[in-house]
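Q: Below: one structure in structure tokens.
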Amino acid sequence: MVLPLTVPPSLKHQSLLWSPICTDLDALDAHIAILGIPYGSAYDAAAITNDQSKAPDAVRSVTDRICRSLERYDFDVGGPIYGGRALKVVDVGNVPADMTDLRSHSIRAEQAVSKILAAGAMPITIGGDHGIPIPILRAFKGHGPITLIQVDAHIDWRDEVNGVRDGLSSPIRRASEMSHIGEIFQIGIRSSGSARPEEVEAAAAYGANIIPAFEVHDRGMDSVLERIPEGGQYYITIDADGLDPTVMPAVEGPAPGGLTFHQVRKLIHGLVRKGRVVGMDIVEITPSIDVNMITCITAGRLIVNLIGAAVRANYFDAPPA
């Protein structure tokens with residue numbers, strides 16, 4: 001074989017896990033839909049297009065480090081990720097922003113997730129800041145009750161910041177107001193964030209289960225899973241700063257003592273076994289300060305673990321490949 005003198009330049013992966021791309025959500029045929037929601041509701045002008053808006057494409061770009069090839073044996077899940085099945089994982093792209101109406105992004109995000117659910121697919125979303133679970137969870141109206149599982153350093157119970165009520169410090173407060181959201185488990189909490197004593201009191205009044213990171217380290221993730229009711233529907237929202245910054249360094253608010261990859265992986269697999277995980281998001285990744293892309297790779301590995309565990313729990317009617 002004679003090699004040519006030049007070959008086309010390599011391109012970054014356009015989709016996660018080499019998935020087909022479908023931006024016509026009315027024609028979506030999928031078991032799992034990968035969605036990017038890059039933009040939240042900014043607290044100030046400088047945050048409208050913050051670096052986290054680049055995270056969905058940054059995670060996609062390291063697909064070949066997340067998974068070397070779909071037919072390879074993956075030891076996190078006990079075999080090829082899709083388990084030898086014809087699993088339909090589709091990347092539906094990113095929700096765009098309208099610079100003439102910035103708040104419309106949240107409306108379109110909710111509509112996009114609604115169409116994904118109408119197609120019978122599980123949404124797995126990459127943010128964006130931690131405001132994005134608000135439109136996602138709104139789209140689940142009528143699909144409850146849902147137990148909300150949060151991995152985070154911060155409790156995110158602010159009612160408003162600078163008059164904005166659906167920003168990154170408020171997703172759990174807004175979720176608590178949704179009738180289809182039941183119990184809330186907040187895992188990995190530590191250090192200090194936007195919460196004042198009144199927000200902690202509001203979380204306690206709701207009955208939120210706040211589980212500090214150091215309790216997880218001392219007692220283990222199995223003790224956390226034992227507290228979560230079996231047979232439920234679970235939605236998982238993962239803030240990258242919920243994991244230790246040695247694991248996910250590319251975050252705005254790194255706090256020592258966070259959860260390990262092993263602990264969060266155990267949480268995901270445990271929830272899949274306990275009931276049904278109906279969706280997951282990973283948010284607050286800041287690609288420009290990543291270290292060897294390890295934050296983006298870790299995010300992808302968490303997604304892979306959810307997909308692999310769900311396939312083996314027979315979530316999807318997918319025939320042999």
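The values are calculated or read from the model by the stated rules, or taken from the named source; none is laboratory data. All figures in this text were calculated on a predicted structure; none of them were measured in a lab. Reconstructed Cβ throughout: ideal geometry from the backbone, glycine too, with neighbour counts over all protein chains shown. Ligands, DNA and RNA are excluded from the accessible area calculation, which covers all protein heavy atoms including side chains. Shrake-Rupley method; radii C 1.70, N 1.55, O 1.52, S 1.80 Å.
Q: Looking at the chain from every direction and averaging, what is the projected area of its Cα convex hull in nm²?
A: Working: hull surface 72.4 nm².
The number I arrive at for the chain is 18.1 nm².
Q: Moving on. Could you give the length gained by full extension between I48 and E215, i.e. 0.36 nm per residue of separation minus their alpha carbon distance, to one decimal place?
A: Working: separation 167, 0.36 × 167 = 60.12 nm, distance 3.57 nm.
Contour length minus the Cα-Cα distance gives 56.6 nm.
Q: Does a label point 7 Å from the Cα of M178, set along Cα-to-beta-carbon, have any residues of segment 219-255 with amide nitrogen under 11 Å, and which are they?
A: 235-237
Q: Among A86, I189, P256, whose Cα projects farthest towards the positive end of the dipole of segment 32-313, with charges put on the beta-carbon of Lys, Arg (+1) and Asp, Glu (-1)?
A: A86
Q: Taking the simple approach of a point 7 Å from Cα along Cα-to-Cβ for both N314 and Q111, what is their distance in nm?
A: It is 3.9 nm.
Q: Only four residue types carry charge here, +1 at the Cβ of Lys and Arg and -1 at the Cβ of Asp and Glu. Report the dipole size of segment 198-297 about the Cα centre in Debye, rounded to the nearest 20. Write out the running numbers ahead of the final one.
A: Numbers: 7 positive and 15 negative charges, 132 e Å.
Taking the Cα centre of segment 198-297 as origin, the dipole is about 640 debye.
Q: Let me ask something additional. I'd like the Kirkwood hydrodynamic radius of segment 43-119, using the inverse of the mean 1/r over distinct C-alpha pairs, in Å. Walk me through the numbers on the way to the answer.
A: Numbers: mean 1/r = 0.0639 Å⁻¹.
15.6 Å is the Kirkwood radius here.
Q: Among L168, A109, P133, flag the residue with its Cα farthest along the positive direction of the charge dipole of segment 103-196, charges on Cβ as +1 for Lys/Arg and -1 for Asp/Glu.
A: The listed residue farthest towards the positive side: A109.
Q: Calculate log10 I(q)/I(0) of segment 208-321 for q = 0.11, 0.15, 0.18 Å⁻¹, where I(q) comes from the Debye formula with a single equal point scatterer on each Cα and nothing for solvent.
A: Evaluating at q = 0.11, 0.15, 0.18 Å⁻¹ gives log10 I(q)/I(0) of -0.38, -0.69, -0.95.
Q: What do you get for the angle between helix 104-118 and the principal long axis of the chain? Use alpha-carbon atoms, 0 to 90 degrees, nearest ten.
A: Helix 104-118 sits at roughly 70 degrees to that axis.
Q: Placing unit charges on C-beta atoms (Lys and Arg positive, Asp and Glu negative, everything else neutral), compute the dipole magnitude of segment 59-140 about its Cα centre in debye, rounded to 20. If you can, show how the numbers build up before the last one.
A: Numbers: 10 positive and 9 negative charges, 34 e Å.
With only Lys, Arg, Asp and Glu charged at Cβ, the dipole is about 160 debye.
Q: Can you give the accessible area of K88 in Å² (nearest 10), computed on protein heavy atoms with a 1.4 Å probe?
A: 80 Å²
Q: Which of G83, G193, G127 ends up with the largest GNM mean-square fluctuation for the chain, with Cα atoms connected below 10 Å?
A: Residue with maximal mean-square fluctuation among G83, G193, G127: G193.
Q: Please sort by residue number the chymotrypsin sites (Phe, Trp or Tyr not before Pro) in segment 16-89 whose DSSP state is loop and whose Cβ has at most 10 other Cβ atoms within 10 Å. Before the final figure, lay out each step's value.
A: Details: sites: W18, Y39, Y43, Y73, F75, Y82; in loops: Y39, Y43, Y73, F75, Y82.
Answer in residue order: Y73, F75.
Q: Select from A203, A118, A240 the residue whose mean-square fluctuation is largest in a Gaussian network model of the chain (Cα-Cα springs shorter than 10 Å).
A: Looking only at A203, A118, A240, the largest GNM fluctuation is found for A118.
Q: Turning to a different aspect of this structure: Determine the dipole magnitude for the chain: charges of +1 sit on the beta-carbon of Lys and Arg, -1 on that of Asp and Glu, nothing else is charged, the reference point is the Cα centre, and the result goes in debye to the nearest 20.
A: Roughly 860 debye for the chain.
Q: Also: Considering only A119, A153, A33, give the residue with the highest GNM mean-square fluctuation for the chain, with springs between Cα atoms whenever their separation is below 10 Å.
A: Taking springs between Cα atoms under 10 Å, the residue moving most is A119.
Q: Can you tell me, using C-alpha contacts under 8 Å and at least 6 residues apart, the relative contact order of the chain as a whole percent? Walk me through the intermediate numbers first.
A: Numbers: 667 pairs, mean separation 68.8, N = 321.
Rounded, it is 21 percent for the chain.
Q: Tell me, what is the per residue accessible area of the chain in Å², probe radius 1.4 Å?
A: Values: 13940 Å² over 321 residues.
For the chain, the solvent-accessible area averages 43 Å² per residue.
Q: Within the chain, how many Lys pairs sit with Cα atoms under 18 Å apart, leaving out pairs fewer than 8 places apart on the same chain? All intermediate terms of the calculation are to be shown ahead of the outcome.
A: Numbers: K12/K54; K88/K115; K115/K141; K266/K274.
Lysine pairs meeting both conditions in the chain amount to 4.
Q: If you find the alpha carbon centre of segment 118-188 and of segment 11-62, how far apart are they in angstrom?
A: After rounding, the separation between the Cα centres reads 18 Å.
Q: In addition: Check each of the GluC sites (Glu not before Pro) in segment 171-264 and keep only those in coil by DSSP with at most 16 other C-beta atoms within 10 angstrom; list them in order.
A: For GluC sites (Glu not before Pro) across segment 171-264 that sit outside H, G, I, E and B with at most 16 neighbouring Cβ atoms in 10 Å, the list reads E177, E230, E252.
Q: So, with a 1.4 angstrom probe, what is the percent of accessible area on the chain that is carbon and sulfur?
A: On the way: 7420 of 13940 Å².
Heavy-atom surface of the chain belonging to carbon and sulfur, 1.4 Å probe: 53 percent.
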